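S.K.: Following this message is one structure expressed as structure tokens.
The values are calculated or read from the model by the stated rules, or taken from the named source; none is laboratory data. It should be emphasised that the depicted structure is a prediction, and the values quoted were computed from it without experimental measurement. Here the Cβ positions follow ideal geometry from the backbone for every residue, glycine too, while neighbour counts run over all protein chains shown.
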């Protein structure tokens, strides 16, 4: 087969997500499998160029994985005509400016979310990329999770009848950093650095709800900072200025009501770190990262409320597991493959910078809703 090389400037690979999910489990995993078969006798071979601010960290990653190309000079790598794609997984506050530079340099874009710190900036990126004629995509990985792929199979098969509601629970306890090291970087809890769970998670909920059930029409949210003080990577105390928990109600097309709780200050009492319960006239399902369980109308028991007697039913045992019926790849890797095919062949690709702007819009309106105590309409966006 003929090998076609696509060179990718990967900015932010020294971070946890950029390194583990995007570099190791996506790009390097694609290389280990021999590249992406384009179906025309050629294979697309991704060649990563590591970009970041910490020279020693970049050098160590490159040596660990036998990579030759790394740099701390973003401008130089964008000026390099051999670079085809720019990928960004930096901190949110640095992303918008870097994406603008990449568009001006004529690079195709693939980026983590949120794409910008505000809706105006996110829309400007989408419009600029469209005008420049570059291909652009935004990471929307949760749509590729095995549990949600099974849920999509149920929706497409008409299992639910008319869908009534969606209830989501996401989160876990992130240690404060004093007596146990925090699992998330400290900037996540500083609003001035682009932190906050609304900014982080509402873009996820937008594409999950939009992709599975329909466009979000209204939002009402309450954001809270339950843990007001945390300790950073040097074990120094700092004030948490960003929200660590958010409670949202979303009305979707068709009258579906979605309620999603997101929190880094909750202890997990569920089977997976995120779960969505979908209730419809014909059946219900609970989907997580990997599992999906269902209860059809014909098999629904008839509980009777009686607080004077202990429950004799084990409710979770009354649900049926949805089989895999296929092999599921890493969700980040699956989306990378789709985007790189889009770049190489022009294959259809839906998750672009306009989709990313919808996520920024929902986060912005969610924070405004929390501040003003109001429900807001979510206008449809266009270029």
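S.K.: For residue 249, work out the one condition from (1) modelled with pLDDT of 95 or more; (2) out of contact with any helix residue (DSSP H, G or I) (no Cβ under 9 Å at 6 or more places or on another chain); (3) in a loop (DSSP other than H, G, I, E, B) it doesn't fulfil.
M.R.: (3) is the only condition that residue 249 fails.
S.K.: Going by the conditions given, is residue 344 in a helix (DSSP H, G or I), in contact (Cβ under 8 Å) with a residue 12 or more places away in the chain and crowded, with 19+ Cβ neighbours inside 10 Å? Steps first, please.
M.R.: On the way: in a helix (DSSP H, G or I): yes; in contact (Cβ under 8 Å) with a residue 12 or more places away in the chain: yes; crowded, with 19+ Cβ neighbours inside 10 Å: no.
It is false that residue 344 is in a helix (DSSP H, G or I), in contact (Cβ under 8 Å) with a residue 12 or more places away in the chain and crowded, with 19+ Cβ neighbours inside 10 Å.
S.K.: Next question. Quickly run through region 79-98 and pick out the residues that are in contact (Cβ under 8 Å) with a residue 40 or more places away in the chain and in contact with a helix residue (DSSP H, G or I) (Cβ under 8 Å, 6 or more places away or on another chain).
M.R.: Scanning region 79-98 gives 83, 84, 85, 86, 87, 88, 89, 90, 91, 92, 93, 98.
S.K.: Can you pull out the residues in region 95-117 that are in a loop (DSSP other than H, G, I, E, B) and either touching a strand residue (DSSP E or B) at 6+ places or on another chain (Cβ under 8 Å) or under 19 Å from residue 84 (Cβ atoms) (or both)? Can you show your working first?
M.R.: Taking region 95-117 and keeping what is in a loop (DSSP other than H, G, I, E, B), we get 105-107, 112-117.
The answer is 105, 106, 107, 112, 113, 115.
S.K.: Test residue 303 against the criterion of being assigned by TED's automatic domain parsing to the domain that holds residue 263 and modelled with pLDDT under 95, and give yes or no.
M.R.: Against the criterion (assigned by TED's automatic domain parsing to the domain that holds residue 263 and modelled with pLDDT under 95), residue 303 qualifies.
Here is a yes/no grid of residues against (1) without any contact (Cβ under 8 Å) to a residue 60 or more places away in the chain; (2) surrounded by fewer than 19 Cβ atoms within 10 Å (Cβ to Cβ); (3) touching a helix residue (DSSP H, G or I) at 6+ places or on another chain (Cβ under 9 Å); (4) assigned by TED's automatic domain parsing to the domain that holds residue 250:
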residue: 147; (1), (2), (3), (4): no, no, no, yes
residue: 165; (1), (2), (3), (4): no, yes, no, yes
residue: 170; (1), (2), (3), (4): no, no, yes, yes
residue: 181; (1), (2), (3), (4): yes, yes, no, yes
residue: 211; (1), (2), (3), (4): no, yes, yes, yes
residue: 229; (1), (2), (3), (4): yes, yes, no, yes
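S.K.: Being part of a helix (DSSP H, G or I) and modelled with pLDDT under 95 narrows it down to one residue among 206, 192; which is it?
M.R.: Numbers: 206 fails: modelled with pLDDT under 95.
Being part of a helix (DSSP H, G or I) and modelled with pLDDT under 95 holds for just one of 206, 192, which is 192.
S.K.: Then there's this: Of the residues that make up region 2-12, is at least one closer than 21 Å to residue 329 by Cα and in contact (Cβ under 8 Å) with a residue 40 or more places away in the chain?
M.R.: Filtering region 2-12 for residues closer than 21 Å to residue 329 by Cα gives none.
No, every residue in region 2-12 fails to be closer than 21 Å to residue 329 by Cα and in contact (Cβ under 8 Å) with a residue 40 or more places away in the chain.
S.K.: Mind counting the residues in region 146-171 that are farther than 22 Å from residue 250 by Cα and in a loop (DSSP other than H, G, I, E, B)?
M.R.: Residues in region 146-171 being farther than 22 Å from residue 250 by Cα and in a loop (DSSP other than H, G, I, E, B): 3 in total.
S.K.: Quick one: which helices (runs of 4 or more DSSP H) lie wholly within region 1-84 and hold at least 3 residues that are touching a strand residue (DSSP E or B) at 6+ places or on another chain (Cβ under 8 Å)?
M.R.: On the way: elements: 29-32, 55-65, 74-79.
Qualifying helices (runs of 4 or more DSSP H): 55-65, 74-79.
S.K.: Only one of these is assigned by TED's automatic domain parsing to the domain that holds residue 108, touching a residue at least 40 places away in the same chain (Cβ under 8 Å), within 16 Å of residue 335 (Cα to Cα) and in contact with a helix residue (DSSP H, G or I) (Cβ under 6 Å, 6 or more places away or on another chain): 36, 30. Name it. Spell out how you get there, then give the answer.
M.R.: Numbers: 30 fails: in contact with a helix residue (DSSP H, G or I) (Cβ under 6 Å, 6 or more places away or on another chain).
Step by step, each of 36, 30 is checked, and only 36 is assigned by TED's automatic domain parsing to the domain that holds residue 108, touching a residue at least 40 places away in the same chain (Cβ under 8 Å), within 16 Å of residue 335 (Cα to Cα) and in contact with a helix residue (DSSP H, G or I) (Cβ under 6 Å, 6 or more places away or on another chain).
S.K.: Also, I was wondering about something else. Taking region 237-294 as the region of interest, how many residues are farther than 30 Å from residue 194 by Cα and free of Cβ contacts under 8 Å to residues at least 12 places away in the same chain?
M.R.: 1
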